[in-house]
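Asker: Structure incoming, see below.
Derivation of every value follows stated rules applied to the coordinates shown; laboratory data play no part. It should be emphasised that the depicted structure is a prediction, and the values quoted were computed from it without experimental measurement. A quick note on method: Cβ atoms are made from the backbone with ideal geometry, for glycine too, and the neighbour counts reach across all protein chains shown.
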Amino acid sequence: MSAAPHAVYIHIPFCTNKCHYCDFNSYVLKGQPVMDYLNAMDQEMARTVERIPPKTIETIFVGGGTPTVLEPDQMTYFLDSVRRHFPDWSGDIEFSMEANPGTTDKEKLKAMRDGGVNRISFGVQSFNNTLLHDIGRIHNTDDVYRSLENARAVGFDNMSIDLMFGLPNQTLDVMSHTLDRALELDLPHYSIYSLKVEENTLFHRLYQRNQLPLPSEDDELAMYQMIMDRLRSAGYHQYEISNFAKPGYESRHNTTYWRNEDYYGIGAGAHGYMAHERHINIKGVNPYIEAASKALPRLDSFSVNKDEAMEDFMMVGLRMHEGASKSRFAGQFDGKQMDAVFHSELSKLLQMELIEEIEDGYRLTEKGILFGNNVFGTFVGALSESEA
Ligand code: SF4
């Protein structure tokens, strides 16, 4: 692996409110020291590139939180700071920013565009207003249409929306209606995730009290099947288990993760993977600001040995339609052969018809896509625990 990543992840941990299912590192914006936070990230970026000077940057992804809660002048300040520390951008850089409908007026979108952002990923989740309200989102479908219109008006054409399925009280009909509305937009990319009830969320507390009316497992599986059928028939390539794109619009940044390649990780709670070391930053806003004024604001960092890295490679690689590539595997791991390293795991999964062999590796079968977690779980500790 190269010592200098070509990808940068930056985390803005502020949101207008907290959604009922959210366990991301995000905090309600009101009263937060936003400028101090942006300054602290400026310091972290300076220390980071001093340690590992950047080469040409191919992708930047600003996530959160809701990065678009920044005011236009804060946005400009932030994007200038990114450009200062990571000045060498490839000519076709993919610079994505997450946005929530209702937080993107034209002035802010223009500041984003002027600062180099060329792809927006909107957190839409559903086109059913009742459902949106019930999961704690503060936008409605009108906000979605307005935000997309504003984005198009200032020149964005590379846009994606996130949708969710398996939500409380969501039926197949409700999901089908959402897909109708989403596909009418004719966007180049859709990300569609199932709800996971995570600890420390309102949904988890309701779930424990038996007060969360989730769809049955069969209905959730039927929704996923419907999503795949509808998106594929509409001409979208399912290039990852939750992601669908028109040709050429696959997220290059996320593909970095799925190929197990290095990336800088900046901001509160951000993860990074550089020079065989993973890190996670301090999560709280004020503790992060304080720590970043003195040193790299790490909560934890640990080196990833080759066995763990090889397991990771398989787990993330098999998420993609391109599969876990044998040649990339050999390239990352000093010529090691995937077939030899994971002979028993691959044989078992082939026999169960959960994966299939392709020209340069393995990928999930149609059946494997539905049971992806079982496949990925096969590689957890496959090498690292057997030697422990
Ligand atoms: S907008 Fe996203 S990050 Fe913010 S609270 Fe909702 S789910 Fe979490």
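Asker: Could you give the size of the charge dipole of the stretch 1-148 about its Cα centre, using +1 on the Cβ of each K and R and -1 on the Cβ of each D and E, expressed in debye and rounded to the nearest 20?
Answerer: 40 debye
Asker: Now, a different point. What dipole magnitude, in Debye to the nearest 20, does the chain give about its Cα centre under +1 on Lys/Arg Cβ and -1 on Asp/Glu Cβ?
Answerer: Details: 36 positive and 56 negative charges, 168 e Å.
Dipole magnitude for the chain comes out near 800 debye.
Asker: Output ³J(HN,Hα) for the stretch 266-278: one whole-Hz value per residue in order, computed from phi by the Karplus curve 6.51 cos²θ - 1.76 cosθ + 1.60 with θ = phi - 60°, and x for Gly and Pro.
Answerer: Karplus-based 3J(HN,Hα) across the stretch 266-278 equals 10, x, 4, x, 6, 9, x, 9, 9, 6, 6, 10, 9 Hz.
Asker: Tell me the Rg and the Dmax, in Å, that the Cα atoms of the stretch 18-167 produce.
Answerer: 16.1, 49
Asker: Given Lys283/Lys348; Lys108/Lys283; Lys196/Lys336; Lys18/Lys55; Lys306/Lys348; Lys18/Lys106, which pairs have Cα atoms separated by over 28 Å? Write down the numbers at each step before the final one.
Answerer: Details: Lys283/Lys348 40 Å; Lys108/Lys283 26 Å; Lys196/Lys336 36 Å; Lys18/Lys55 37 Å; Lys306/Lys348 23 Å; Lys18/Lys106 24 Å.
Flagged as over cut-off: Lys283/Lys348; Lys196/Lys336; Lys18/Lys55.
Asker: What list do you get for Glu359, Glu44 if you sort them by fewest beta carbons within 10 Å? Intermediate values should be presented prior to the final figure.
Answerer: Working: Glu359 8, Glu44 27.
By the 10 Å Cβ count, ascending, the order reads Glu359, Glu44.
Asker: Which of the listed residues, Tyr207, His237, Tyr264, is farthest toward the dipole's positive end in the chain, when Lys, Arg count +1 and Asp, Glu count -1 at the beta-carbon?
Answerer: Farthest along the dipole direction, towards plus: Tyr264.
Asker: Let me ask something else about it. Where does the chain land on the Kirkwood hydrodynamic radius, alpha-carbon pairs, in angstrom? Could you put the intermediate results ahead of the total?
Answerer: Details: mean 1/r = 0.0455 Å⁻¹.
It is 22.0 Å.
Asker: Under a 5 Å amide H to amide H cut-off, with H placed in plane at 1.01 Å, what residues pair with Tyr27 once short-range neighbours are removed?
Answerer: Phe14, Cys15
Asker: Does the stretch 95-224 come out rounded, prolate or oblate by the C-alpha gyration tensor, with a ≥ b ≥ c the root eigenvalues, rounded set by a/c under 1.5 and, if not, prolate when a/b is larger than b/c and oblate if not?
Answerer: Numbers: a/c = 2.39, a/b = 1.86, b/c = 1.28.
Prolate, because a/c is 1.5 or more and a/b exceeds b/c.
Asker: Still on this structure, I have one more. Compute the Cα gyration tensor for the stretch 162-298, then decide on rounded, prolate or oblate, letting a ≥ b ≥ c be the square roots of its eigenvalues: rounded whenever a/c is under 1.5, prolate when a/b is larger than b/c in the other cases, and oblate in all that remain.
Answerer: Oblate, since a/c reaches 1.5 and b/c is not below a/b.
Asker: Arrange the following residues from fewest to most other Cβ atoms within 10 Å of their Cβ: Phe24, Phe244, Phe86. Mind showing how you got there, number by number?
Answerer: Working: Phe24 16, Phe244 25, Phe86 21.
The most exposed by this proxy come first: Phe24, Phe86, Phe244.
Asker: Taking neighbour Cβ counts within 10 Å as the exposure measure, how do Thr103, Thr66, Thr76, Thr130 sort from fewest upward? Present the calculation step by step, with values, prior to reporting the outcome.
Answerer: Working: Thr103 21, Thr66 24, Thr76 17, Thr130 11.
The order, fewest Cβ neighbours first, is Thr130, Thr76, Thr103, Thr66.
Asker: Using modelled backbone amide H atoms (1.01 Å from N, in-plane), which distant-in-sequence or interchain residues come within less than 5 Å of Ile266's amide H?
Answerer: It is Tyr9, Ile10, His11, by chain and number.
Asker: Oh, and also: Could I have the simple spin-label model distance between Glu357 and Asp92, label points 7 Å from Cα toward Cβ, reported in nm to one decimal?
Answerer: Going from the Glu357 label point to the Asp92 one covers 3.2 nm.
Asker: Given Cβ point charges of +1 (Lys, Arg) and -1 (Asp, Glu) and nothing else, what value in debye, to the nearest 20, does the dipole of the stretch 314-355 about its Cα centre take?
Answerer: Numbers: 5 positive and 5 negative charges, 16 e Å.
In debye, rounded to 20, the stretch 314-355 gives about 80.
Asker: Which percent, nearest 5, of DSSP beta bridges in the chain are antiparallel? Could the numbers behind the result be given before it?
Answerer: Numbers: 23 of 54 bridges.
That works out to approximately 45 percent antiparallel.
Asker: If you don't mind, another one. How charged is the neighbourhood of Trp258? Take every other residue with its Cβ under 12 Å from the Cβ of Trp258, and add Lys/Arg as +1 and Asp/Glu as -1. Kindly include the intermediate steps, with their values, before the conclusion.
Answerer: Values: positive: Arg252, Arg259, Arg319, Arg328, Arg363; negative: Glu240, Glu250, Glu261, Asp312, Glu322.
Once positives and negatives cancel, what remains is 0.
Asker: If you don't mind, another one. What distance in nm separates the simple spin-label points at Glu290 and Arg232, each placed 7 Å from Cα in the Cβ direction?
Answerer: 5.3 nm
Asker: Three principal axis extents, largest first, for the C-alpha atoms of the stretch 113-174, in Å?
Answerer: 41, 19, 18
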